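**Q** Let me give you the structure first, and then I'll get to my questions.
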Amino acid sequence: MSGLPEIRVLARAQENPTRIPPNLADGDLMGICCPAGDMSLEEMQPAIKEIGSWGFRVKLGDTIGKKDFTFGGTDEERRSDFQQMLNDPELKAILCARGGYGSIRILDGLQWEAFVQSPKWVIGFSDITYLHGHINRNLRIATLHSKMCNSFPADWSQVTPSQADSIRAIRTSLRGELFSIPVSVNEKNIAGLAEGELVGGNLKTMEALSGSRSAFDTRNKLLFVEDSGEYLYSLDRCLWNLKRAGQLDQINGLVVGGFRIRPDDPGDEFGMSLEEIVLEKVRGLGIPVCFDFPVGHQPENYPLKCGVSYQLRVQPDQVRLAESAGVGSRPG
Amino acid sequence: MTTIPSYLQPGDRIGMTCPGGHMSLASAQPCIDTFRQWGYDVQVGQTIGDQSSNYFSGSDDERLQDLQQMLDDDQVRAVFCARGGYGLSRIIDRVQFESFRKNPKWIIGFSDVTVLHTHVYVNFRVATLHAPMASAFPNGESANPYILSLKAALEGKKYRYQWPVNQFDRRGEAVGELTGGNLSLLAHLVGSRSDCKTRGRILLLEDVGEYLYNIDRMMHQLKRSRKLERLAGMIIGSFTENKDTTRPFGLSAYEIIYEAVRDYDFPLGFGFPSGHVRENYALKLGLGHKLRIGRNKASLEE
């Protein structure tokens, strides 16, 4: 038996810290809108009910119930609804109803002055990675990567306790309270201890952001990635994009979330596992890496604050990712 | 100025390699036979018919070594990629181009080979050939006009291709170096040191088997990384086997592309015979071209 692997500490000074929007309290107002895919008012009911029970009030945007093919309204309708929520001083958070596809089509038409004056939580994942990347890179304001309205069950008895936990942790996060995330240990993990601002999201979307002014600056950060429905070769290609665009070279740690992988076509077996695909890109960096983190298109998708400083501790028997204390500044 | 590799003479050697997906020797044989009929010597690389058990035509090292040997060997006058698929991204940063720069030669292929096309063009300014690969040759197709356009290109003949106009065309004339290729790969390369340069150039796009929403996403990526705003012109090849979401996206591939470049005024021609179809003319990427999109006809002249 060899001893425990050395735990490396990789903490570097953080430049230009993000501002963290104010926490939510009882009675605070949360806006819900559809910047990407569509969602009906009926499908929205479980989320409205649950969020009401958290003590928050809900304001529904005009795009709820709108449909333009797969979109929650035309580009202009979605842009205008989101803009209105960014500008509304009453709103303390904007929850994107669902992902799908479409945020990129409205992103460059959004005005951020009011949001920068008075930051609020922008919440969602998957296609909403466009917003996380853009806000993090350009505005340096923290956002919340979490489940969205389409994951709130109509019948809570039908979901697993951890799935329910990962939804209700949105409330905990928004109130500024800490919670712990249960992580299973994957034997391919690379042990280590690292600290840094957490950034990331959907891998395919990060590839699509590469080279644009909305791509995350990943230097000295903890990076997390997740994806769903992609072939292994496509995930490999995405990671090569990030690597060749210099987005993996200087990360402090890597958190690999859930990957619902599309099976290889018969005769076209890719021949590498997800873990192998990831590790060959980062093996030489000397950073901690963990797999199977409960974030992604799966029942257990815990909220993570993009732009907030976290500590990642990967040990042979335990993985922990938690907000660091006392890093980052709060507005006003 | 872009360097033009020497055109081929009878007896010159073509190296055939598989830098990406697997290809059996039997599938490559009609192509090998045709090149020999054209009077060329063919070196069949180790990666053709490789015994690998997975998707690739050999390990990264094997594919790299095969390609590297052909780039370095002065006897090889052209490197023909027998198949695309996926794989060049995994090895491109380990390919050494010193001998190639001293002694440029034609690199031929399309689809995944877009990685080589843009890498060689932006880093070394050497022309390459966007052309049919080995799977286009079997079943009596080896003398069709598209395969013969590859033969003519290798011999140094200049071309002028004509094709019918399309309802989404934007008329006009443009002059510029031709660049581009597979949309998925061009999007994938953004931000890397193989990223295409498009300003003042004529951009070619084609793709196969993508979701319509993903075509939209990639067009937005090119637009947001400022690759579309200063084009001299644009030609759109085939977008075949498109996939759609359960609820339809609502626009065709050509409509998506049209919409992405609606705000610009460069000439735009749809339906150029290039892509993952039989109609796939050889194009000399990196060389100056004249594009004419007229009322009744569109043409592209080297």
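The values are calculated or read from the model by the stated rules, or taken from the named source; none is laboratory data. Note that the structure is predicted; figures quoted are calculated from it, not measured. Ideal geometry is used to build each Cβ from the backbone, glycine not excepted, and the neighbour counts take in all protein chains shown.
**Q** Might you check whether a residue that is away from chain B (no Cβ under 14 Å) and over 30 Å from residue A:50 (Cα atoms) occurs anywhere in region A:227-243?
**A** For region A:227-243, residues away from chain B (no Cβ under 14 Å) and over 30 Å from residue A:50 (Cα atoms): absent.
**Q** I'd like to check which helices (runs of 4 or more DSSP H) are fully inside region B:55-115 and have at least 1 residues that are buried (at least 22 other Cβ atoms within 10 Å of the Cβ) and modelled with pLDDT of 95 or more.
**A** Output list reads B:60-72, B:88-91.
**Q** Collect the residues in region A:83-118 that are more than 14 Å from every other protein chain (Cβ to nearest Cβ), crowded, with 17+ Cβ neighbours inside 10 Å and small (Gly, Ala, Ser), keeping them in residue-number order.
**A** A:93, A:97, A:118
**Q** Residue A:331: touching a Pro at 6+ places or on another chain (Cβ under 7 Å) and modelled with pLDDT under 95, yes or no?
**A** So residue A:331 passes the test.
**Q** Among the residues of region A:193-214, count how many are facing chain B (nearest Cβ under 10 Å) and under 14 Å from the mean Cα position of the chain (by Cα).
**A** Within region A:193-214, residues that are facing chain B (nearest Cβ under 10 Å) and under 14 Å from the mean Cα position of the chain (by Cα) number 2.
**Q** If you take the residues of region B:40-54 that are in a loop (DSSP other than H, G, I, E, B) and not small (Gly, Ala, Ser), which of them is nearest to the other protein chains (Cβ to nearest Cβ)?
**A** The selected residue is B:54.
**Q** Can you report the number of residues in region B:116-174 which are out of contact with any helix residue (DSSP H, G or I) (no Cβ under 7 Å at 6 or more places or on another chain) and assigned to a strand (DSSP E or B)?
**A** Matching residues across region B:116-174 total 9.
**Q** While we're on this one: Out of the residues in region A:243-284 that are assigned to a strand (DSSP E or B) and of a type outside the set (Lys, Arg), state the one that is surrounded by the fewest Cβ atoms within 10 Å (Cβ to Cβ).
**A** Top of the filtered list is A:261.
**Q** Could you please tell me which pairs satisfy a Cβ distance under 7 Å, a separation of 6+ or placement on different chains, a first residue in region A:38-56 that is farther than 22 Å from residue A:81 by Cα, and a second residue that is of a type outside the set (Gly, Ala, Ser) and assigned to a helix (DSSP H, G or I)?
**A** A:54/A:171
**Q** For region B:229-247, name all the residues that are out of contact with any Asp or Glu (no Cβ under 9 Å at 6 or more places or on another chain), assigned to a loop (DSSP other than H, G, I, E, B) and in contact (Cβ under 8 Å) with a residue 12 or more places away in the chain.
**A** Listed by number, the residues that qualify are B:230, B:231, B:244, B:245.
**Q** Quick one: in region B:176-200, which of the residues that are within 14 Å of chain A (Cβ to nearest Cβ) and under 19 Å from residue B:232 (Cα atoms) is surrounded by the fewest Cβ atoms within 10 Å (Cβ to Cβ)?
**A** B:197
**Q** Could you look through region B:206-226, keep only residues that are over 20 Å from residue A:129 (Cα atoms), surrounded by fewer than 24 Cβ atoms within 10 Å (Cβ to Cβ) and touching a residue at least 12 places away in the same chain (Cβ under 8 Å), and pick out the one that is farthest from the other protein chains (Cβ to nearest Cβ)?
**A** B:208
**Q** Within region B:133-189, track down each residue that is of a type in the set (S, T, N, Q) and either over 19 Å from residue B:14 (Cα atoms) or modelled with pLDDT under 95 (or both).
**A** Passing the criteria: B:139, B:142, B:144, B:162, B:166, B:167, B:179, B:182, B:184.
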